[in-house]
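A.B. asks: If you scroll down you'll find the structure; I have some questions about it.
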Amino acid sequence: MSGRFSPRPTAAPGVRATLRSAPGTARTWTPPGPVDLGLVLTPLRRGPADPTYRAAPDGSFWRASRTPLGPGTLRVTAQRTGEVAAEAWGPGAEWLLDGLPALLGAHDDPGAFTPRHRLLAHTHHRRPGLRLTRTGLVLESLIPSVLEQKVTTDEAYRAWRLLVRKYGEPAPGPAPGLYVMPDARAWALIPSWEWHRAGVDDKRAATVIRAVRAARRMEEAAAMEPERAQARLELIPGIGPWTSAETVQRSNGAPDAVTVGDLHLPGIVGYALAGDRDADDAAMLGLLAPYAGQRHRAARLILLSGRTPARRVPKMPRADIGLL
């Protein structure tokens, strides 16, 4: 693993002239193996209109984050040389660039995964650039995961989008339309009627507020082993195994944090590995047992394989509590 920082603010190679007018701090990094930026970073996107994330037509990926040093914007682009070029803006720029290797899977070990099913072996071979991201930021994954509890993804994405745009702040740098999520105090001060207007019920809103009131303790979990991190998060009432797993998969790069309690995942895993579309959590965990230590990676590969059962369960009804 190698990396170098630019001592002066320069734009990444191939950046449009409009971006050169607002340069940031730059870095290049050479991954130890193939890295597919889309596969690595897409789990951080909360819907196609996520105000904190953008995949640009030029192949670059943008993220706006609230780092321990303040707001920051990161732009990442793969180079033909095999390097990754990154540029960052704002008070959190250097923190984001320091974390670039971890974000792109430098701490992940795909070689630890041994496929024991033809489907997984095939997908693993076809997706050599899959790495598990590690953001080092807990709340930015925890809060949207709480919003996704017991509702449709469209409802959760809408809530995240509305709340971030209203209570966050425009992202630093030349990425128009990107926002940095609110800080812990701003989340805690959102009025109850604004949660309702965003479609968030009292239970989920209360869970977010409890979590941000313990923001320092929550963020400490990013440096813990995944199991300890999940246990730390689950001390907050309203955060259970589903939410904690969804969080540490992103914040800690946890390869074994399989999501339990999901409406669709057990049936997808059951269908892919055993032709059992009616599998429950217990059956899913049994099928994933040979991949202990790598169960989340196995689930990701199954989802990437495209082998999913046809939907037969009616889509979860959407309830607009803002109209109640």
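The values are calculated or read from the model by the stated rules, or taken from the named source; none is laboratory data. Bear in mind that the values here come from a model prediction, so they are computed numbers and not experimental data. Please note: Cβ atoms are built from the backbone with ideal geometry, for glycine as well, and neighbour counts cover all protein chains shown. Accessible surface is based on the protein model in full, side chains and every heavy atom, while ligands, DNA and RNA are left aside. Shrake-Rupley method; radii C 1.70, N 1.55, O 1.52, S 1.80 Å.
A.B. asks: May I ask you to list the residues in the stretch 186-205 that are touching a residue at least 12 places away in the same chain (Cβ under 8 Å) and open to solvent by 40 Å² or more (accessible area, probe 1.4 Å)?
C.D. replies: Correct list: SER192, HIS196, ARG197, ASP201, LYS203.
A.B. asks: Quick one: is LEU303 surrounded by 14 or more Cβ atoms within 10 Å (Cβ to Cβ), in contact (Cβ under 8 Å) with a residue 60 or more places away in the chain and in a helix (DSSP H, G or I)?
C.D. replies: In short, no.
A.B. asks: Those residues that are crowded, with 16+ Cβ neighbours inside 10 Å and either hydroxyl-bearing (Ser, Thr, Tyr) or outside any helix (DSSP H, G or I) (or both), I need them from the stretch 225-239; list them, please.
C.D. replies: Residues satisfying the conditions are ILE236, GLY238, ILE239.
A.B. asks: Let me ask another. Evaluate the stretch 175-187: report whether one residue or more is acidic (Asp, Glu), on the phi < 0 side of the Ramachandran plot and part of a helix (DSSP H, G or I).
C.D. replies: So far as the stretch 175-187 goes, no, none of its residues is acidic (Asp, Glu), on the phi < 0 side of the Ramachandran plot and part of a helix (DSSP H, G or I).
A.B. asks: Can you go through LEU120, LEU162 and tell me which one is open to solvent by 50 Å² or more (accessible area, probe 1.4 Å), modelled with pLDDT of 95 or more and in a helix (DSSP H, G or I)?
C.D. replies: LEU162
A.B. asks: In the stretch 135-150, is there at least one residue being at pLDDT below 95 and either part of a loop (DSSP other than H, G, I, E, B) or surrounded by fewer than 20 Cβ atoms within 10 Å (Cβ to Cβ) (or both)?
C.D. replies: There is at least one residue in the stretch 135-150 that is at pLDDT below 95 and either part of a loop (DSSP other than H, G, I, E, B) or surrounded by fewer than 20 Cβ atoms within 10 Å (Cβ to Cβ) (or both).
A.B. asks: Which of the residues spanning the stretch 70-99 are within 12 Å of GLY136 (Cβ to Cβ), surrounded by fewer than 23 Cβ atoms within 10 Å (Cβ to Cβ) and touching a residue at least 12 places away in the same chain (Cβ under 8 Å)?
C.D. replies: Within the stretch 70-99, TRP95, GLY99 meet the criteria.
A.B. asks: Can you pull out the residues in the stretch 254-280 that are crowded, with 17+ Cβ neighbours inside 10 Å and either without any contact (Cβ under 8 Å) to a residue 12 or more places away in the chain or part of a helix (DSSP H, G or I) (or both)?
C.D. replies: Passing the criteria: LEU265, PRO266, GLY267, ILE268, VAL269, GLY270, TYR271, ALA272, LEU273, ASP276.
A.B. asks: How about the stretch 108-134: which of its residues are in contact (Cβ under 8 Å) with a residue 40 or more places away in the chain and farther than 19 Å from VAL258 by Cβ?
C.D. replies: Correct list: HIS122, PRO128, GLY129.
A.B. asks: Residues that are modelled with pLDDT of 95 or more: find the strands (runs of 3 or more DSSP E) completely inside the stretch 1-99 holding 1 or more of those.
C.D. replies: 25-30, 53-55, 61-67, 70-78, 84-89
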